[in-house]
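Engineer: The structure is given below, and queries will be raised subsequently.
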Amino acid sequence: MKTYMCAPCGFMYVEELGIPEDGIPAGTPWEEVPEDWACPDCGVTKADFMAIELPDTPSTKGIAPWKVN
(Lines give C-alpha, C1' and ligand atoms only; values in the text may rest on other atoms or scores of the structure.)
Protein backbone atom coordinates (compact mmCIF):
# COMPACT_ATOMS: atom_id res chain seq x y z
CA MET A 1 0.00 0.00 0.00
CA LYS A 2 1.09 3.55 -0.65
CA THR A 3 1.28 6.84 1.21
CA TYR A 4 0.45 10.27 -0.22
CA MET A 5 1.53 13.56 1.34
CA CYS A 6 -0.11 16.96 1.00
CA ALA A 7 2.59 19.24 -0.44
CA PRO A 8 1.35 22.44 1.26
CA CYS A 9 0.83 21.13 4.82
CA GLY A 10 2.38 17.65 5.15
CA PHE A 11 -0.84 15.74 5.96
CA MET A 12 -0.40 12.08 5.00
CA TYR A 13 -2.95 9.73 3.48
CA VAL A 14 -1.93 6.12 4.16
CA GLU A 15 -3.90 3.68 2.01
CA GLU A 16 -3.56 0.94 4.61
CA LEU A 17 -5.22 3.14 7.26
CA GLY A 18 -7.67 5.22 5.21
CA ILE A 19 -9.48 8.04 7.01
CA PRO A 20 -12.55 6.37 8.55
CA GLU A 21 -13.72 9.63 10.16
CA ASP A 22 -13.98 11.07 6.62
CA GLY A 23 -15.81 7.98 5.31
CA ILE A 24 -12.71 6.49 3.63
CA PRO A 25 -12.23 2.96 4.99
CA ALA A 26 -8.85 1.38 5.69
CA GLY A 27 -7.39 -0.19 2.57
CA THR A 28 -8.90 2.35 0.15
CA PRO A 29 -6.47 2.94 -2.74
CA TRP A 30 -5.70 6.58 -3.54
CA GLU A 31 -7.35 6.17 -6.94
CA GLU A 32 -10.65 5.39 -5.19
CA VAL A 33 -10.58 8.44 -2.90
CA PRO A 34 -13.28 10.77 -4.31
CA GLU A 35 -11.99 13.48 -6.65
CA ASP A 36 -13.81 16.14 -4.62
CA TRP A 37 -12.11 15.03 -1.38
CA ALA A 38 -10.00 17.77 0.23
CA CYS A 39 -7.12 17.68 2.69
CA PRO A 40 -8.68 17.81 6.17
CA ASP A 41 -5.91 20.10 7.43
CA CYS A 42 -5.58 22.73 4.69
CA GLY A 43 -8.40 22.09 2.18
CA VAL A 44 -6.36 21.54 -1.01
CA THR A 45 -7.42 18.92 -3.57
CA LYS A 46 -5.94 15.53 -4.41
CA ALA A 47 -3.89 17.21 -7.16
CA ASP A 48 -1.71 18.76 -4.43
CA PHE A 49 -0.72 15.38 -2.96
CA MET A 50 2.39 13.43 -3.94
CA ALA A 51 3.24 9.76 -3.53
CA ILE A 52 5.98 9.14 -0.98
CA GLU A 53 7.73 6.08 0.45
CA LEU A 54 8.00 5.62 4.19
CA PRO A 55 10.38 3.08 5.71
CA ASP A 56 8.61 0.06 7.17
CA THR A 57 9.89 0.43 10.72
CA PRO A 58 8.29 -0.22 14.10
CA SER A 59 8.02 3.55 14.58
CA THR A 60 5.89 4.03 11.44
CA LYS A 61 4.17 0.68 10.84
CA GLY A 62 0.49 0.87 11.65
CA ILE A 63 0.57 4.41 12.99
CA ALA A 64 -1.57 7.17 11.56
CA PRO A 65 1.15 9.79 10.92
CA TRP A 66 -1.25 12.69 11.36
CA LYS A 67 -2.07 11.49 14.88
CA VAL A 68 1.49 11.24 16.20
CA ASN A 69 2.36 13.86 18.83
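The values are calculated or read from the model by the stated rules, or taken from the named source; none is laboratory data. On a predicted model such as this, the values are computed, not experimentally measured, just so you know. In this analysis, Cβ positions are derived from the backbone assuming ideal geometry, glycine residues included, and neighbour counts consider all displayed protein chains. Areas reflect the complete protein model, heavy atoms only, side chains present, ligands, DNA and RNA absent. Shrake-Rupley method; radii C 1.70, N 1.55, O 1.52, S 1.80 Å.
Engineer: Count the net charge of all other residues whose Cβ sits under 12 Å from the Cβ of Gly10, scoring Lys and Arg as +1 and Asp and Glu as -1.
Structural biologist: Values: positive: none; negative: Asp41, Asp48.
Result for the local shell: -2.
Engineer: Same structure again: In what sequence, largest accessible area first, do Glu53, Glu31 appear using a 1.4 Å probe? Show your work: numbers first, answer last.
Structural biologist: On the way: Glu53 175, Glu31 125 Å².
From most accessible down to least: Glu53, Glu31.
Engineer: Please give the net charge around Pro29, taking every other residue with its beta carbon less than 14 angstrom from that of Pro29, where Lys and Arg add +1 and Asp and Glu add -1. Can you show the working numbers first?
Structural biologist: Details: positive: Lys2, Lys46; negative: Glu15, Glu16, Glu31, Glu32, Glu35.
Surrounding charge for Pro29 is -3.
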